[in-house]
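Below: one structure, written as structure tokens.
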Amino acid sequence: MSRTRRLASRVLTIVIRQLSGKGQLWGNAMLRELDFIEGDWAALFWAFGSTAALCRNSITSRLRTLGDRRFNETFQIKRIAKKTTGIVAGVIVAGSVLALCVGILIGLIRFASLQQENGRLADRLLIVVIPETLYVVGLITLLRRRKSVALGILLAGVILVTHAIIHFATHG
Amino acid sequence: MSSRLRLTAQTIQVLDAFLEDPEEWRYGYDISRNTGLKSGTLYPILMRLAEYRLLEATWEATEAGKPPRHIYRLTPDGLRSAREHIRSYSIRHAWQAALEGVRS
């Protein structure tokens, strides 16, 4: 083997050692062809061309991996933001329903001449039964389409139920 | 996938070389000699074709003691795609030539 051919082989071998996976496989394919090239200078130019191709391929695949990673990170952040917004929206919807019920109850107490017993029943009906029914209906409706909003409603519902349990346990 | 393949004149040359005898496995150096493309141009094309699964590559067992050699052939998808690309490239080329003829 001549010096030029040895140099060609060495250049390519050094480059291949720096590569991994598919790059190394393609590098070995190029290196193997060296033995069949007629002419030492042609072999050297083959090695230089192969080196350039391998380097270009390595840089491109690294950039692509980097791009993919960044895309995944952005996607993850967007997903979390979307989910959080959904839950907050659910809590707001549930809070609004509760506020509406409380508002109606206050209106009824002020303007209607409700008796004490009826007032107590209306209290329970408006603040506990109606919101809870609306929560359950909303939860079932939204569970498949907008899971995060349904989660928000569930969260608000759980808080309300806990509050009601504590209230009835302490005040009877 | 094949629609994303960059169709340069050199890629067409390589596809054309494979289409001469689609069943035959070819060596990189032989393709280089047939098309006149240098290794720095040829191998990125082969890598891209393989990435898009238009080209299959395997190692050919050689005499004992000698390392195997990489050989290439178009896949059925590659064959179909190559024929389509070459047909559309030829039509485009013919149109361009006709337009230039009209202009001059």
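Bear in mind these aren't lab numbers, they're just calculated from the coordinates by the rules spelled out. The model shown is predicted, which means the values in this text are computed figures rather than measured ones. Counting neighbours? That spans all protein chains shown, and the Cβs are built from the backbone with ideal geometry, glycine included.
Here are the numbers for the structure shown:
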{"read-out": "Added length on full extension, which subtracts the Cα-Cα distance from 0.36 nm per residue, residue A:73 to residue A:25", "value": "14.2 nm"}
{"read-out": "Percent RCO, i.e. relative contact order, over chain B, from Cα pairs under 8 Å lying at least 6 residues apart", "value": "30"}
{"read-out": "Expected-Rg normalisation [2.2 N^0.38 Å, Cα atoms] applied to the range A:3-66", "value": "1.12"}
{"read-out": "Label-point separation, residue B:34 to residue A:11 (7 Å along Cα→Cβ), nm", "value": "2.7"}
{"read-out": "Lysines whose Cα lies under 30 Å from that of residue A:22, excluding same-chain neighbours fewer than 8 positions away", "value": "B:38, B:66"}
{"read-out": "Projected area, mean over directions - chain B, Cα convex hull, nm²", "value": "7.8"}
{"read-out": "Rg ratio (alpha-carbon, reference 2.2 N^0.38 Å) - the protein assembly as shown", "value": "1.92"}
{"read-out": "Cβ-Cβ FRET estimate between residue A:171 and residue A:81, R0 fixed at 30 Å, reported to 0.05", "value": "0.15"}
{"read-out": "The protein assembly as shown: calculated mean residue ellipticity at 222 nm from DSSP helix runs of at least 4, using -39500 (n - 2.57)", "value": "-26500 deg cm²/dmol"}
{"read-out": "For chain B, built as a Gaussian network whose Cα springs stay under 10 Å, the top-fluctuating residue of B:44, B:67, B:76", "value": "B:67"}
{"read-out": "Highest-fluctuation residue, B:80, B:26, B:69 considered, GNM on chain B with Cα pairs under 10 Å", "value": "B:69"}
{"read-out": "Kyte-Doolittle mean at least 1.0, axial Cα span of 18 Å or more - DSSP H helices of chain A", "value": "A:147-171"}
{"read-out": "10 Å Cβ neighbours from other chains, averaged over peptide A:33-41", "value": "3"}
{"read-out": "Inter-centroid distance (Cα atoms) of the range A:83-105 relative to the range B:1-69, Å", "value": "64"}
{"read-out": "Other protein chain Cβ atoms within 10 Å, averaged over every residue that makes up B:43-51", "value": "5"}
{"read-out": "Shielding of A:45-53 by partner chains, average beta-carbon count, 10 Å", "value": "5"}
{"read-out": "Residue A:140-residue A:104 FRET efficiency (beta carbon distance; Förster radius 25 Å; 0.05 resolution)", "value": "0.60"}
{"read-out": "All aspartates and glutamates inside 16 Å of residue A:78 as judged from Cα atoms, apart from same-chain residues fewer than 8 positions distant", "value": "A:68"}
